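The values are calculated or read from the model by the stated rules, or taken from the named source; none is laboratory data. Please read these numbers as outputs of a predicted model, since none were measured by experiment. Note that each Cβ is placed from the backbone with ideal geometry, even for glycine, and that neighbours are counted across all protein chains shown. SASA here: full protein model, heavy atoms, side chains in, ligands and nucleic acids out. Shrake-Rupley method; radii C 1.70, N 1.55, O 1.52, S 1.80 Å.
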Amino acid sequence: MSDDSGHVSLDAMSSEFIAEIKDDLASLEPDLLAMEEKGADVDDDLINHAFRSIHSIKGGAGFIDFKVLSDLSHVMENVLMQVREKKLVINSSIVDALLSGFDKMKLMADLIGTDKTCDYEKEKAALEQVLLDKDTDIKKTGTKKKAPVAEPSEEKIEYEPVNPVGESLYFKGQTFLLDKKRLENALDSQKFIYAVFIRFKTDLDLRKKNADAMIDDIKSIGDILYSSLTDAQQTQEKDGFYCVISTILDLPLLSQVLEIHVSQMTLVDKQFTDCETILLKGAASKLVSGGRQLLPRAKEPTTFIAPYESSENSPVQSATGAFQTAQTLRINVDLISKLMNRAGELVLSRNQLRSFMESTVKDNTRAVHMMQSLDMVTTDIQEAIMRMRMQPVIDLLGKYKRVVRDIARRMSKKVDFVLEGADVEVDRNVLEKLANPVTHLIRNCIDHGIETPKERLRMGKLETGTIRIKAFHQGGHVHIIISDDGAGIDPQLVLSKAFENGLIAEDQIDKLTDKQKVDLIFLPGFSTSQEITDISGRGVGMDVVKTNISRLRGVIEIDSVQGQGTTVHLIIPLTLAIVPSLIVRTGESKFAIPQANIKEAIYLEPGKIHEQVGNVAGYEVLRLREQLIPILRLRNILGLKTYVQPPGKEESLEEKRKAIADRRQASPPEQQTDQRSQKNDRRENVWDPTYVILLKLGANVFGLCVDEIYDIEEVVVEPLNECIRHLKCFAGATILGDGDVIMILDVPGIASVADLKFDSIKQARLKQDQKELKKAEKKGEVKDLIIFCNADKEYFALELKSVSRLEPIRPGDIHFTDKLKYVEYNRQAVLLFSLEEFVPAVPCDLSADQVFAIFPKNISSKVGVLASRIIDTIQTDEDLSKDAACSELVLGKLFVKDMMVQVLDQKKLAKAIEQKTVAKKERR
Amino acid sequence: MKILIVDDKASIRSAMKKILAGLGFSDITQAVDGQQAWDTLEDGFKKTDQLPFDLIISDMEMPKMSGLELLRAVRGHDVFKAIPFIMATTVTAREIIIQTMCLGVQAYIIKPFNSAVVELKLKQAGIL
């Protein structure tokens, strides 16, 4: 809909203006901070950029008729203008004023569309004070300076006593004789005709301007149709003189250019009244409202915001869009979230369809192909939508520059803030939830980490401390490392605090490493102590930080060197919406465990469980690779009733045994009596937990016993309903491909429900280790050795556990390149070394039909050691004897079956091989 | 009537475009700064050997090349100097207005503008 004049309304565009205002505000803050940092050396680009931002905000605010914002940005702009013109040198107080103005602008921007009143007098006054200070500075040095541009409030003071009544005083009954032709020309070209009264005193003398200069100014912007200057000079008129001017400039601009108050100007021709109304509405009303408005608004101009009918006007140019190089598109977050949810549902439907197809449609290739392409497209869509929600971390971390600055200033500390990896992207949801913990960590850095400048100097450090935030992607996670070069955390202080608060038992104190002591700050309850802020430790609310990070399924680690600083390492998943999870079953229920939490899955052999599982410090523990890992039974944690089917009985009985070890006799299965067949043995019953999923919890690991392990699936996390959200064990729910609704387990939650205390297990283990060490000392360790040789009577051995595999090789298959031996294995070139390259030995006979390659473990590249023959593997507990004749790579000698065997030190051998590999690579 | 709108803000460009469309102008090209505007002018001239645009409406404050610099370049060009030029800006600094006026613009629009203002200014510039 257009009105009579065909005018279109811009009302519909307000959201665009608002979005741009917010963008400009966001880009303004770093500019202001950078300006402060650089001080007087600030470069023009930076100021120009900041200026343009402010300027655009002012413009945008005008369009949406948001007066307070456009007013404040106008004052901000004035200050920046002075900076740009080098009339003002940037210092902290100026930046303070600008930043407080900025904060208010931000507040205003948030108010857009709601309540448009916002008090900004304080900020405005501060900014004006900056300008005022500058002026007094200049006055002191003797150069009188004209009033700053566009400061009507100052002009007002000067004018009020002179002209209390308004324009009538100047122009009432006044007539000007104009050249008709020139007037018509001006009117034809649609120029405005103004009558202006120029006061000698205020407009010329006070501004150190003479009449000729004023005339020149006028001529530069328009034509003079009439001037009473000569008359006034002749008649010794003291007040001023009249000019009639034709120009294209609007009244406020004319006032600006000529530095004459608007009340001393009027449009002389009646035909302009309408224009004036239009311009008053359209123009930056501030300039006019600063003084008295010249023309009364005849009527409230409601008519010219015309309704806009888009269909009529939209087919505007498509070929001319060459410069609409918009690479980005603004999309409402809600819309993306909706799309995201829908995509999640699409994935679910796809999964259901797929499992249905897999089970029913087998011989229809067309259907299978269709399923495949649907599969692919769905995955693509899902990934694309995920990417849409990604936001660079700078959006969050960039804000901290300001936080750091403000806190540091408040605490009289000097802190630099360095941000690396600003363009690393994270899911929007994750980023939002990171804000609180990261703020907390950074506050702690300044509050407790960075010392005062004095203290730092005394410590021989740079006066200014540094807080460094580094963000990077690694393995489906985003890592954020926050480090400072401050005082670090005093482990003793943390320990005594924790002890005072009863968070740690006395007998534990001595056993803690420094790192463990520092980690005490994560204990809940540690934060309640207020005194900790007074000492140079940190730990205010760190348990909350940890909880927040855990809730993001992230990990927090803290590393502190006293006197040198603290590093906090956050590892956060890229997204919360879709989680690759392992599906497990316990009892009759399935559960999903987020893959990020899983370290490994262990299958316990039914016959060996009693060897691997024991009881330490009140926990069931699994002995795995020299480690004791506490294990929990999911069914116990969740209070699930489980059933066992006793042998020979039809019905199931409720499982009552609490511990796994209870159900195992100490005797291995082969010694069982024949009375029970293996099949009916209840120990073989499927209800028995035979899988242990090892789960990571920070630096600790614990096991979760489940009955069965299925596949890893990408599950879409559905939040829990309000009424069950308090259940700690669950992170959410999801729907599986087969339509089952299952719960997603929350690993930290499970650990806390089970009240796992890793420390007590570690201590118990320490004791046990010592016992075993003593045992081992008494009796030599049993070793499995693999014995090989190049020639008779010269035998070597490696421990079997340090060898990954053996391969027979035909010497004819060995390729020689630059004196290096290679063999093809699994289509890869594997480097071979001969034993004699490391220890004194008879060379391997490559003319034989067959040789062997031994592949030691713990070597980064694929490398094998050649041997002519593999003799045997033996088990021995003989001690090794080492004498001076032994090569460095030899652990020692022993006699087995009449052979003298030199046992090679696998670690040293690996090292020697690595060195050689590197050396050879370099040589090449 | 071919019009070139120069402004670094997409919202302002589309506002102006909308208004111009409402006033019956549909052949509108946009540029995000003075430099791009200048390149567009030169490209258009090279291709057709004619005045590439019948009107330029430009912002003042822009990265790379400001509206004032664009105006100076246009006015200094043998051919382009004939193109009517309207400055549409929030800049009200005295010196800049004087410089702009000295170089010669057909109209000076103070932002925010609305359809009525633009119509008035187009009349002033002799376009309507």
(request) Could you please tell me the mean projected area of the C-alpha convex hull for segment A:412-502, averaged over all directions and given in square nanometres to one decimal? (result) 8.2
(message) Which log10 I(q)/I(0) values does segment A:780-923 give at q = 0.14, 0.15, 0.17 Å⁻¹ under the Debye formula, counting every alpha carbon as one identical point scatterer?
(response) -0.64, -0.73, -0.94
(request) Compare B:TYR108, A:TYR825 by solvent-accessible area with a 1.4 Å probe and give them largest first, with all protein chains kept in place. (result) A:TYR825, B:TYR108
(request) Please state, as a whole number in µm²/s, the translational diffusion coefficient that the Stokes-Einstein equation yields for segment A:392-573 at 20 °C and 1.002 mPa s, with Rh defined as the Kirkwood radius across alpha carbon pairs. (result) 129
(request) State the percentage of accessible surface on segment A:392-573 attributable to carbon and sulfur atoms; use a 1.4 Å probe and exclude ligands, DNA and RNA. (result) 50
(request) Compute, for A:LYS67, the solvent-accessible surface of its heavy atoms (probe 1.4 Å) with the complete set of protein chains present, and express it in square angstrom to the nearest 10. (result) 90
(request) On each of the three principal axes of the Cα atoms of chain B, give max minus min coordinate, whole Å, ordered largest first. (result) 35, 34, 26
(request) Over all alpha-carbon pairs of segment A:333-389, lay out the pair-distance distribution in 10 Å bins, whole %, shortest bin first. (result) 23, 44, 23, 9, 1
(message) Taking R0 as 22 Å, what FRET efficiency do you get between A:THR235 and A:ASN185 from their Cβ-Cβ distance, rounded to the nearest 0.05?
(response) 0.15
(message) How big is the dipole moment of segment A:392-573 about its Cα centre under a simple scheme where the beta carbon of each Lys and Arg is +1, that of each Asp and Glu is -1, and everything else is neutral? Debye, nearest 20, please.
(response) 620
(request) Could you pull the Rg and Dmax for segment A:28-74, using just the Cα atoms, both in Å? (result) 12.2, 37
(request) Report the charge-dipole magnitude of segment A:333-389 in Debye, nearest 20, computed about the Cα centre from +1 at each Lys and Arg Cβ and -1 at each Asp and Glu Cβ. (result) 80
(message) What does the structure give for A:454-460 when I average, per residue, the other chain Cβ atoms found within 10 Å of the residue Cβ?
(response) 0
(request) Mind checking A:45-58 for the average number of partner chain beta-carbons within 10 Å of each residue's beta-carbon? (result) 3
(request) Please compute how much accessible surface disappears when B pairs with A, both sides summed, using a 1.4 Å probe, and round it to the nearest 100 Å². (result) 4900
(request) Can you run the Rg to Rh ratio on segment B:84-128? Use alpha carbon positions and the Kirkwood inverse-distance Rh. (result) 0.97
(request) Let me know the mean shielding of A:219-230 by other chains, meaning the per-residue number of their Cβ atoms within 10 Å of its Cβ. (result) 1
(message) Going by average Cβ density within 10 Å per residue, which order do the peptides A:871-879, A:53-61, A:828-836 take, highest to lowest?
(response) A:53-61, A:828-836, A:871-879
